[in-house]
1. If the requirement is being buried (at least 17 other Cβ atoms within 10 Å of the Cβ) and either modelled with pLDDT under 90 or of a type in the set (Ser, Thr, Tyr) (or both), which of these qualifies: A:197, A:155?
2. Please verify whether segment B:98-110 includes one or more residues that are over 19 Å from residue B:228 (Cβ atoms), surrounded by 19 or more Cβ atoms within 10 Å (Cβ to Cβ) and within 18 Å of the chain's Cα centre (by Cα).
3. Look through A:407, A:417 and report the one residue that is assigned by TED's automatic domain parsing to the domain that holds residue A:371, within 13 Å of ligand 2 (Cβ to nearest atom), at pLDDT 90 or above and under 23 Å from residue A:329 (Cα atoms).
4. Which numbered condition trips up residue A:295, out of (1) buried (at least 17 other Cβ atoms within 10 Å of the Cβ); (2) outside the structural domain of residue A:235 (by TED's automatic domain parsing)?
5. Mind listing just one residue for me: the one in segment B:205-222 that is within 16 Å of residue B:129 (Cβ to Cβ) and of a type in the set (Val, Ile, Thr) and, of those, modelled with the lowest pLDDT?
6. Out of A:66, A:45, I need the residue that is under 60 Å from the mean Cα position of the chain (by Cα), in the same structural domain as residue A:146 (by TED's automatic domain parsing) and either at positive phi or surrounded by 12 or more Cβ atoms within 10 Å (Cβ to Cβ) (or both). Which one?
7. Need the failing condition index for residue B:121 against (1) surrounded by fewer than 21 Cβ atoms within 10 Å (Cβ to Cβ); (2) within 14 Å of chain A (Cβ to nearest Cβ), just the number.
Amino acid sequence: MTGDVVVSRSLRNRLAMILTGGAAVLAIVLFLVVRAYAAQIAQQGQDNILNASVSSILDAAVLRDGEVELDFPYAALSMLSTDADDRVFYAVYEDGALLSGYDGLDTQDDEAFRSMNYDGSTVRIATATRTLVGANVPRRVTVSVAQTQDALSGTLNRISTNVAVFGAGFFALATVLSFWATSTTIGQLRRLTTSVTRRGPQDLSPFTKPVPTEMGPLVGSLNNLMFRLDQSLKQSEEFIAEAAHRVRTPLATVRSYAEATFQRVENTENRDALRSMMRAIDESSRAAGQLLDHAMVTFRAENLDRIDVDLNDLLRDLVQRMTPVADMRDVDFILDAAAPAHLHGDPILLQNAFRNLIDNALKYAPADSIVTVRVQTAPDLSVSVTDQGKGFPPSEINKLADRFVRGSDTDGQIGSGLGLTIARDVAAAHGGALILSNRSEGGACATLQF
Amino acid sequence: MRYIAVLILAVLPAFCFAQDWEDQQKFGANGTPILRILSSTDTSFFAPIIDSFIVGQPNVSVEYIVTGTADLDNEFRQNPDRFDVVISSAMDLQLKLTNDGFAQRLDGISHPDWAQWRSSLFAFTTEPAAIVLNAAAFDGLATPRTRQDLIEVLRANPDIFMGKVGTYDVRRSGLGYLFATQDARTSETFWRLMEVMGSLDARLYCCSGDMIDDLIEGRILVAYNVLGSYAEGRADTADTLTVILPSDFPTTMMRSALVSKSASDPALAEAFVNHLIGLQSGGARAAFPLPPLNSGQDPTGQSSIGLEPALMTYLDALKRQTFVREWEEAIIQD
Ligand SMILES: Nc1ncnc2c1ncn2[C@@H]1O[C@H](COP(=O)(O)OP(=O)(O)OP(=O)(O)O)[C@@H](O)[C@H]1O
Ligand SMILES: [Mg+2]
């Protein structure tokens, strides 16, 4: 029943993958965003200083005797000192012509800040222009200050490393959390599964333990399903029991009539017909009786009420009650029950099971033989019934306990094929098993092992 | 004809090389490799340093060339491949050389942050600018402790000091220009001193050495902004000269070294710089005749001139022009 489930991927893995994948994506996005943001801020910082430097140089520009004089303050370049000792370049232009400073600092663009390559390094350059109005013509003084970006990239690398470490930490934490979340979620499912598997085969009662909201519908429909199953099982069992019961009484009546008629009829042909009729009736009532027993066993097994049973007492009683039947066939019983044997179980069911085993032994063993009922307490508690007959047909031994299965060679013995089924079900209800075997010295051995 | 041309081309560098240096000396074996050092520091100070370097590197020979700071800068800019190590006291020029990409990064050298720039320029001495007096001339006068004192003494005794005061010619000396600009940056006193010196018909010098020579020989009685280390380095001067570190504010420079980007043997050059730095901190006066680096701040709270891009401020053509003009107006009063 457990085997044939179509399984497609694990919910746990899928959940964990989605969560860790999400965390990884988040960590990367976090890294990129913070880095980009840090880069922007760092660049802004550098730009601000460059701008301040440019303005302080430009502010110092004056026209003296028609000449541009530029006595810019020490601070103009001093403010550009960085930890990484960045290189500094500047240029002063008057109406586009280089007045002093470094040649080749490209200042054509109108942009205030630009990045460019100068003397083998990337520099950030700030430019501003001021118009000096002299006596005659206005002069345009343009100042550019450029700085390499060693400190900036150092800062960025530091930030990147920190953010990367932070992101990795975040990812690790998120992964741990996602595994935890996944296993707690899956844990609920597993708990439900365990409580389903732990149930006895006949237990169809509803689940009453609390489950998470999301699992409510599943458990609800499971309960519903089991309720209906239980219902229909009960119905069909009741129906069978009812049917068997209803058939049994009229059959007994028919049987007594047939018997009476048989006594009176002398014609051989009619007597034969009546004999087969009685046999058929016996068979039917046997079947009805066994069906009733089986239904009873199924019902009681479902709500087993266990008490302490003294097996020796129980078997002694049973053997005694069956002795008349045995005497008819000259069969002797041996009850081998040395040690006290107690079992926690349902005595009615147990008695039913043993009766069926003994019944089989009497039925299938030859006359004038011995049937042994043996109670063993070690290694496990077991009760075996052995006879001196021809034993179970070996080719069918595995199927004999199935419902309505009879051996191929039953010597015309009346039977329904439910006896071993009942014994097996009783054993199962008590957590045991029915073991059929043939003894080497001949004879069948049916053991109920608990 | 062609051969002659080739010959000329081959010999030409040698001729160009044979220029007027202040000094040019060879140390060590006559073999290769040769470490070519261009320096503004007198050979006498560097001889022991080079000697101890050669002890560790037996096959190496060292060529030590001395010239003035301004000339040094000029020469090196034109022929950066002709020198391996450049040593100068003009911090501003050295920093600009580094900023302009002439120096090589030496990542193998560990040096405090404040004494190096871009791991390319390494300071290895701390040397204050001093007022040096001819002790005899100041016999009856109060010894000036500050620039202000000096101004007063000079003003009060024009008859003694007329034509007998000296300082750097900032137009010719890179170090003189650095000292002057840093003085001017710090205090207005500098300009008043220059005016007083100008009124006394100051003599102008290219180098500390010459100033000290003239002081010893009595041609001048006061020299302003002389390298104290040079004055003290002359053993014969102990009682002739008085070296005063002005207590109002000190102007302190750091001598620095860099390795040319086109050095022929960068590893050797780096080894030399490393040697220099190691000796400096070693503290042995005989092995390292120059004052070692001194990170400690002066009592006045002023530390040495910082190695930072701002040093390039006064190297700006327009600024230099303005500064030199003002300086000339103050000191040359014909
Ligand atoms: N002691 C035995 N010796 C030989 N064969 C046996 C023995 N007990 C059972 N069998 C075989 O196993 C079959 C199944 O037995 P089971 O008790 O279930 O049915 P049954 O005896 O035929 O009918 P009933 O339901 O009336 O007992 C029998 O038909 C018979 O062939
Ligand atoms: Mg039977």
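The values are calculated or read from the model by the stated rules, or taken from the named source; none is laboratory data. Model, not experiment: these values are computed from the prediction. In this analysis, Cβ positions are derived from the backbone assuming ideal geometry, glycine residues included, and neighbour counts consider all displayed protein chains.
1. A:155 is the lone residue from the list that is buried (at least 17 other Cβ atoms within 10 Å of the Cβ) and either modelled with pLDDT under 90 or of a type in the set (Ser, Thr, Tyr) (or both).
2. So far as segment B:98-110 goes, yes, one or more of its residues are over 19 Å from residue B:228 (Cβ atoms), surrounded by 19 or more Cβ atoms within 10 Å (Cβ to Cβ) and within 18 Å of the chain's Cα centre (by Cα).
3. A:417
4. Condition not satisfied by residue A:295: (2).
5. Filtering segment B:205-222 for residues that are within 16 Å of residue B:129 (Cβ to Cβ) and of a type in the set (Val, Ile, Thr), the one modelled with the lowest pLDDT comes out as B:212.
6. A:45
7. If we test residue B:121 against (1) surrounded by fewer than 21 Cβ atoms within 10 Å (Cβ to Cβ); (2) within 14 Å of chain A (Cβ to nearest Cβ), just (1) comes out false.
Conditions tested, residue by residue: (1) assigned to a loop (DSSP other than H, G, I, E, B); (2) free of Cβ contacts under 8 Å to residues at least 40 places away in the same chain; (3) farther than 19 Å from residue A:25 by Cα.
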{"residue": "A:161", "(1), (2), (3)": "no, yes, no"}
{"residue": "A:165", "(1), (2), (3)": "no, yes, no"}
{"residue": "A:169", "(1), (2), (3)": "no, yes, no"}
{"residue": "A:176", "(1), (2), (3)": "no, yes, no"}
{"residue": "A:186", "(1), (2), (3)": "no, no, yes"}
{"residue": "A:193", "(1), (2), (3)": "no, yes, yes"}
{"residue": "A:199", "(1), (2), (3)": "yes, yes, yes"}
{"residue": "A:206", "(1), (2), (3)": "yes, yes, yes"}
{"residue": "A:209", "(1), (2), (3)": "yes, yes, yes"}
